[in-house]
Every structure is written in structure tokens, then in C-alpha cells.
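Have a look at the structure that comes next, please.
The values are calculated or read from the model by the stated rules, or taken from the named source; none is laboratory data. A quick note: this is a predicted structure, and the numbers were derived from the prediction, not measured. Cβ sites come from the backbone with ideal geometry, for glycine too, and all protein chains shown count toward neighbours.
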Amino acid sequence: MAALVHPKPSIHPISHYNSSRRTSHQSDRDDSQAWLERNRSNASGRYTMNTTKRRHSGIGSEPGINPRDEKYGHFSAKCTIHVTEYSSEHVSLSTLDNAEFVEWMKLPREKPQDERPSLEKDGKRTLRWINIGGISWDVLSALALRYDLHSLALEDILHEQGHNQSKADYYRQHLFLRVLCHSLPTEGDRNSGPDTKSEYPGEYPGFPDEPPRTDAEKMAGFIKEEAESKLKHRRFSALSGFRLAARQRQILQIAALTKGDRVVVKHEPMFIFLLREGTVISIHPKPNLEFTEPVTERMHQYDSVLRTSEDPAILVEGLLDLIVDRILEVMDEYQDKIHQLEHDILMKPGMSTVRSLHILSGDLIMHKRTLEPIKSMLYGLRRYDQDRCAAMGFGNDVPSNRKQVETDRHGSDAGLGVGVGAGWHKQHQEGYMSYKSKIYLADVYDHMDFVLTSLDMFSGISENLINYAFNMASYEMNQVMRRLTLATIIFLPLTLLTGYFGMNFTAMWSIQNNTDVFFWIIALPVMGVIMPLFLYSDIKSLFHYMHKVMAARRAVLAEERAARHPW
């Protein structure tokens, strides 16, 4: 078990630096110039570094974000950064804050190869995982300049936090994944209250370290954020997650109306970079890194696949597997909720239970819309990773595939046949995901397929329960009307005769010359004729039912006699 290392700001054991002749300022300037050359538009002509005109940031502006642009400084947060270097032999974890991480990113490097994972004396690879909690512009800009992160990926991180579309983008220097994570909230998340930037009312907790706020404080903060967003020209406010005050007020109202009827689910995006040189970068919008603690614990197990494989793609697969496992926990919670509602419906259907089922059914539809892109992304990583990298003109230089390619080449030289060892080293078209990671991704894909089929099942059960509740209400109403109709049929002759004999005529032979017996002499025959006439179908059904009961009983008795007397 490796010890956790907490370096001082001036000394970082997480990286091996060589002495450089360039100053830090020169290194940053070269990084900025290189980034501009790689990310400028082909149709934009020459880029002028000394222009004084502020770049347009509204609708129709140029896509992508320049990491040197200072206008995004309002994205500021206290980040929690864990940098892990690991191999099959050792693992070291360093915790940095914003200032320490930025200083580390600014340290000069002499050759591009210095950024590649180092090799130990015994030939073991040392891989690096940078896990960042919180979104802050100083950290992102330093990270983008150091590792050449694409401008469109930075735009997805800063402007697309409200989107629920999980996707995988392929760039020349790295693979970029954006995944919407679903998980059950912790106790701290429940106390923090809803975040109206989420599409799901009451399901996107705020920062765990923030104290609970009243509704008035929340609305005041929302109106202030809206005013600041207009001043800072945030583009596509409705699409980027920064919603208008009216939308935020509506989300709060829905959250209050549906409180206690839905399964509370926390939705947070996770951004993952897999660099060609092997470094893995994961970014969370909140400074709390509890979500990835299981992967960190696995990292400290010497016999785990993360350590023994020495494959950065396995780490990416592990993060995706963790995300899907959290979704499975959410599905278990929905299953318990539906079982409870089913019990309530079968015991005594009520509109409160139907209301809960209606809310639950709506949430399931929204979850399906957010979870299906994850399945498509996993399928694309397994099926089209090689093709997409081949279209970009690289493949086997990705660290995930170097070890496999060398093994295949040695296997071919040893005369192992014409299979993988004989042919694959000639096809320089492998992608970011290694062969081994794709095998494990198949298991993640199966789990995601199980999640979606479970969603369909839960949605079908909810609809069936709602239909059952309304059918039972209709059946009970029909039974009530049936009883009223039966009572009306029984008392119809009596009512008719009562009205006849109750007429106030002076000379009335049927009353003056007879007793009440005469009334029943007339009423009983009339009832005997009217009741069978109106209840004929019911009487026929009763005789048919009794006939089937007697036939079944005779069949049972015959079987018993045959069993007692087999001869």
C-alpha cells in the first residue's frame, strides 16, 4: 500500500522535470503561440496577436475558447486536485490547490517527450491521472496550455454544463468524453437543496459545503446571476444551463410541488481527457471528489487491473464503469419505489398514488433521454474508436496500443501463426482505447443495456399501474351504478302501485272496498314479471356460472373415484 504524498508548493514528486534554458514566461508564450496555430480557423485568415478589438462572445461568435482569454476569469472556484502517478510497482497521490497546480503547470519543459509517461529502470511504465474537482479558469487555462487541450473541449466544459448529451469527441492530441453522471445524493447533498441550473427540479444538489438557503435568498441569487450573465455576454443562456430567472422560479415551484414523490437523483457532468501520451484528466464541476473514491481505492490495490495493465485506457474504462455502477444504484432505488407504489395500488388505489406514479413516469422518460447517449457513447468507443483515429491519421503511437502492438509483433516473429500477432502490427490504425479496455467496456455496455431495459420495464409498470388504478375506479363506479339500477328495478312496481293507491279520489273502489292485501295481490305478480324481464342477462349468467361450478365439481369427484378404484 503506497503512502499518500502531499507535496509542498515548491517541490512536486509527481513529475520529473529537466533543467530548461527557457524561462517560464518564454515557455508560456511558446505554448500560447502553438495553441493558436493549432486551433485557429482555416477560413479566418491570419490571426493578429496585437488586435485591440474584443472578440465577440454572443450568438454567432467563433466556436472554441482561447485558454489565454481573460474574459472567462469569472469562472472561479476553489478546486481540489489529486494527481496520481502509478505503475504495477508503486502509486503516489498528491493533493494540490489552485495556486500549486498552476505553478506546476508553468514549470518549463525542454522536449515534448518529457510529457510522456516515464519509464522506470525495470521498464515499467509510470502513468499519470489528474483528478480535478471544481471548475476554475486559472486551472483550466494552465491545463489547456500544458497539455494542448482543444478549444472546443474547453467550450464544452465552461458553456455546456446544462446539457445532458453524453458524447465522445476525437481530437488530434486527445480523446474528450463528456458524461452526465447519475447518483444518489449524500446527506450533505440533501441539506444543500436543489440547484435550479439542473433540468431536473430538486435533483441537482448544490455544493456540499454551502449552508442551506431560503427561497428568497435563492431567488435573489438567481436574479443577480442573470444580471451578471447579461453583462458578461454568456451565449445561449437557455442552452448552456444558465437559465433565466423565470425558468429558475418555475423549477423551484415544481420542486416544491413534487417534494417526496420522486426519487432524488444527483446529476453532475464529468469531463474526461485521454491524451495520446497516456495522461488521463478527469474534471468534476464540484470540488468534492467523493464520486471517484472507489477508483482511487482500486488504484492502491497492487493486484488491480488498473495497476497491472499499465494502460491509461483501462483507467478511462474504470471511470466509465464507476459511472454506470452509480446508475445501477439509482435503478435499484427506482425498483424499490415502484414496488412500494404497486403495493399501495393493489391494497387501495388512490389519486395520491396515481400522482406519485405520474411524477415517477415523467422522471423515467427524462432519465431515458439522458442515459441513451451514454450507451451510444460506449458503443462508439468499442466499435468506431479505431476508425475515427485512422481517419485522423494516427493510431499505433497511442500508449494504449504500443504495448499490444509490440506483443503482437513478437508473437508473429515467434511463429505463432497468422492471427493477431501476424497481422495487426502492420495496420497502423489502432485508436485511443486498447484491446483490453474494449473487453472491459463490453461489460460496461451490457450493464448500460440492462439499465435502459430496466427503465423501459419501470416505465411500462408505471403506465400499467396508472391504467389499473383508473380501471378500478371505473369498475367501482360501474358497480355502484349496478346496485342503484338493481334497487330501482326491484322497487319500480312498488313505486308505481304506491303512486296509484295513494291518489286522493273520494270514490275509489280499490281502496274503500279492500284492505292492504289487495295491494300485495297486485304488486307481487307484477314484480315477478318485471324483475326477470330486466334481469334476464344476469340470471342467465348466474345459471351459466353455477353450471360450470357443478361441472368442475363433478370432474373432481370422478377423478377421486378413479383414484380410489383404479380397476
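Being within 20 Å of PHE501 (Cα to Cα) and in contact (Cβ under 8 Å) with a residue 24 or more places away in the chain is the filter here; which residues of region 518-537 pass it?
ILE522, ALA523, VAL526, MET527, ILE530 - these are the residues of region 518-537 that are within 20 Å of PHE501 (Cα to Cα) and in contact (Cβ under 8 Å) with a residue 24 or more places away in the chain.
Spot the failing condition for ARG38; the list is (1) at pLDDT below 75; (2) on the phi > 0 side of the Ramachandran plot, and only one is missed.
Condition (2) is where ARG38 drops out.
Go through region 474-499 and report how many residues are loosely packed, with under 12 Cβ neighbours inside 10 Å, under 30 Å from THR515 (Cβ atoms) and either touching a residue at least 24 places away in the same chain (Cβ under 8 Å) or among the hydroxyl-bearing types (Ser, Thr, Tyr) (or both).
Result for region 474-499: 2.
Every residue, every condition in (1) more than 30 Å from HIS339 (Cβ to Cβ); (2) modelled with pLDDT under 85; (3) among the aliphatic types (A, V, I, L, M); (4) not in a helix (DSSP H, G or I), yes or no:
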| residue | (1), (2), (3), (4) |
| --- | --- |
| ASP456 | no, no, no, no |
| TYR468 | no, no, no, no |
| GLU476 | no, no, no, no |
| VAL480 | yes, no, yes, no |
| ILE490 | yes, yes, yes, no |
| ALA507 | yes, yes, yes, yes |
| SER510 | yes, yes, no, no |
| THR515 | yes, yes, no, yes |
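Suppose we keep only residues that are small (Gly, Ala, Ser) and within 30 Å of LEU357 (Cα to Cα) within region 469-526. Which one would you say is nearest to the chain's Cα centre (by Cα)? Walk me through how you get there before you give the answer.
Quick first cut of region 469-526, residues small (Gly, Ala, Ser) only: 469, 473-474, 487, 499, 502, 507, 510, 523.
Remaining after also requiring within 30 Å of LEU357 (Cα to Cα): 469, 473-474.
On the way: ALA469: 30, ALA473: 35, SER474: 37 Å.
Checking each candidate, the answer is ALA469.
Continuing with this model, one more query. Scan region 266-311 for residues that are closer than 23 Å to ILE157 by Cβ, in contact with a helix residue (DSSP H, G or I) (Cβ under 6 Å, 6 or more places away or on another chain) and not in a strand (DSSP E or B) and jot them down.
GLU277, GLY278, VAL295 - these are the residues of region 266-311 that are closer than 23 Å to ILE157 by Cβ, in contact with a helix residue (DSSP H, G or I) (Cβ under 6 Å, 6 or more places away or on another chain) and not in a strand (DSSP E or B).
Now, a different point. Looking at SER94, SER88, SER61, can you tell me which residue is out of contact with any Pro (no Cβ under 6 Å at 6 or more places or on another chain) and at pLDDT 85 or above?
Working: SER94 fails: out of contact with any Pro (no Cβ under 6 Å at 6 or more places or on another chain); SER61 fails: at pLDDT 85 or above.
After applying the criteria, what remains is SER88.
For region 530-542, which positions are surrounded by 10 or more Cβ atoms within 10 Å (Cβ to Cβ), assigned to a helix (DSSP H, G or I) and not basic (Lys, Arg)?
First, pick out the residues of region 530-542 that are surrounded by 10 or more Cβ atoms within 10 Å (Cβ to Cβ): 530-532, 534-536, 538-542.
If we keep only those that are assigned to a helix (DSSP H, G or I) too, we end up with 530-532, 534, 536, 538-542.
Those that are surrounded by 10 or more Cβ atoms within 10 Å (Cβ to Cβ), assigned to a helix (DSSP H, G or I) and not basic (Lys, Arg): ILE530, MET531, PRO532, PHE534, TYR536, ASP538, ILE539, SER541, LEU542.
I'm trying to understand the selection: among the residues of region 294-329, which are over 25 Å from the mean Cα position of the chain (by Cα) and without any contact (Cβ under 8 Å) to a residue 24 or more places away in the chain?
Result: GLN301, ASP303, SER304.
Specify the residue that is modelled with the highest pLDDT; the eligible residues are those in region 108-159 that are over 20 Å from VAL316 (Cβ atoms), among the charged types (D, E, K, R) and surrounded by 16 or more Cβ atoms within 10 Å (Cβ to Cβ).
It comes out as ASP138.
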